[in-house]
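Worksheet for the structure shown next.
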Amino acid sequence: MAKPGKTSAKTVDVADSYAVRLMQHLVVPTFVVDPKRRVVIWNRACERLTGVAASEVIGTNKHWQAFYETRRPCLADLVALDRPEQLPEFYSEYAARGHNGLGFSAENWCVMPKLGSQLYLAIDAGPIHDEAGHLIAVVETLRDLTDQKRAEMALKELASKDGLTGLSNRRAFDQMLMSEWARAQRTQKPVALLFVDVDHFKLFNDRHGHQSGDECLRAVASVVSRHAVRPLDLASRYGGEEFALILPDMDCDAACAIADEIRCAVMALRITHGATGAGDHVTLSVGVASHIPGETDGSPDRLLAAADEALYAAKRLGRNRIICAERLLAEFAKLGRDGVPVPGRVARKSA
């Protein structure tokens, strides 16, 4: 691509050319900038898409105002400047070259200030050169993919949600934990994990019925969800009556405090239990672990195992309690003297 400063010696009569008149009537929203990134064409379809009249932008560098609230380059600007390295800075999806080997392609959400609502646009921008290879213009075309994107997002959300509780499902949990584990490995900050289990839930179902069991799970899920307050916190239904809470950048003491808030909040609901072998009301057992990944910790298996062992210990020690994995060895040393075997996931039973 020729450098923007090397323009053709020819005078391009933009206003009177047949190609320009044709472009004005295209149904595809299109605009054209010159090598100095001034708008020379803003067709009618572009006016309809953006709510910005051609008279507001022709001859100016203000085309960005049609799409964004703060100044930033449009795709045509990056083509004119030949800056493919800046694509990831400004676009969520992009390709350094279009299908014809020239220009850039990208997708992103645009604020659309004149419309007052966001649009998800697919954008293609390509250069036009003269016979000598000098840049004379850049053409940008736009496609509104908002409906398709929202449908895609809705399907993705549906696929990541538990149907009963509305929390994230196991698949979403696994993906988020892997992502946060990798981030913690880079930043060398801890990731905390809570495993939350409803005590004696099988007995609850047997006594009160599955409909009441579902209502109980939804109530517990609501409490767990209220404690996922930061953007990267994730509350999930891990399986059956077990829930999980991912808490990035949190040590075990802070995570235990949140775990106890959850336990106390469920006790405050006073959901009647009353089955033989259980208390009067529904309670929770919680296992807590926090870990800073080492360089060789390629997966969060250690964190999962630690939280799992802590939960098992909480149940073996009498339920309705919090156990932190960091204190687990001392707890099991005490249990070991009583002849209780060291637990593992294969030994766990739902209650």
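The values are calculated or read from the model by the stated rules, or taken from the named source; none is laboratory data. Because the structure is predicted, anything quoted here is derived from the model rather than measured. Note that we place each Cβ from the backbone using ideal geometry, even for glycine, and neighbour counts take in every protein chain shown.
Every test in (1) under 24 Å from residue 80 (Cα atoms); (2) small (Gly, Ala, Ser); (3) touching a residue at least 60 places away in the same chain (Cβ under 8 Å) is passed by residue 192 save one, and that test is (1).
Residues are listed down the side, and each one gets a yes or a no for (1) among the charged types (D, E, K, R); (2) at pLDDT 95 or above:
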position	(1), (2)
163	no, no
181	no, yes
185	no, no
195	no, yes
214	yes, yes
217	no, yes
233	yes, yes
237	yes, yes
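Assess whether residue 155 counts as being in a helix (DSSP H, G or I) and either among the aliphatic types (A, V, I, L, M) or free of Cβ contacts under 8 Å to residues at least 24 places away in the same chain (or both). Before you say what the answer is, go through the steps one by one.
On the way: in a helix (DSSP H, G or I): yes; either among the aliphatic types (A, V, I, L, M) or free of Cβ contacts under 8 Å to residues at least 24 places away in the same chain (or both): yes.
Against the criterion (in a helix (DSSP H, G or I) and either among the aliphatic types (A, V, I, L, M) or free of Cβ contacts under 8 Å to residues at least 24 places away in the same chain (or both)), residue 155 qualifies.
Kindly indicate which of 85, 69, 47, 56 is assigned to a helix (DSSP H, G or I) and within 32 Å of the chain's Cα centre (by Cα). Show your work before the answer.
Details: 69 fails: assigned to a helix (DSSP H, G or I); 47 fails: within 32 Å of the chain's Cα centre (by Cα); 56 fails: within 32 Å of the chain's Cα centre (by Cα).
Of the residues listed, the single one that is assigned to a helix (DSSP H, G or I) and within 32 Å of the chain's Cα centre (by Cα) is 85.
Would you mind stating whether residue 156 is among the basic types (Lys, Arg), surrounded by 15 or more Cβ atoms within 10 Å (Cβ to Cβ) and either more than 22 Å from residue 38 (Cα to Cα) or not assigned by TED's automatic domain parsing to the domain that holds residue 42 (or both)? The answer is no for residue 156.
Would you say residue 162 is closer than 17 Å to residue 243 by Cβ, touching a residue at least 60 places away in the same chain (Cβ under 8 Å) and within 19 Å of the chain's Cα centre (by Cα)? When the stated conditions are applied, residue 162 passes them.
The set of residues from the range 276-329 being surrounded by fewer than 21 Cβ atoms within 10 Å (Cβ to Cβ), outside any helix (DSSP H, G or I) and aliphatic (A, V, I, L, M) comprises 278, 292, 317. When 135, 145 are checked against the criterion of being free of Cβ contacts under 8 Å to residues at least 40 places away in the same chain, surrounded by 14 or more Cβ atoms within 10 Å (Cβ to Cβ) and not hydroxyl-bearing (Ser, Thr, Tyr), 145 stands alone in meeting it.
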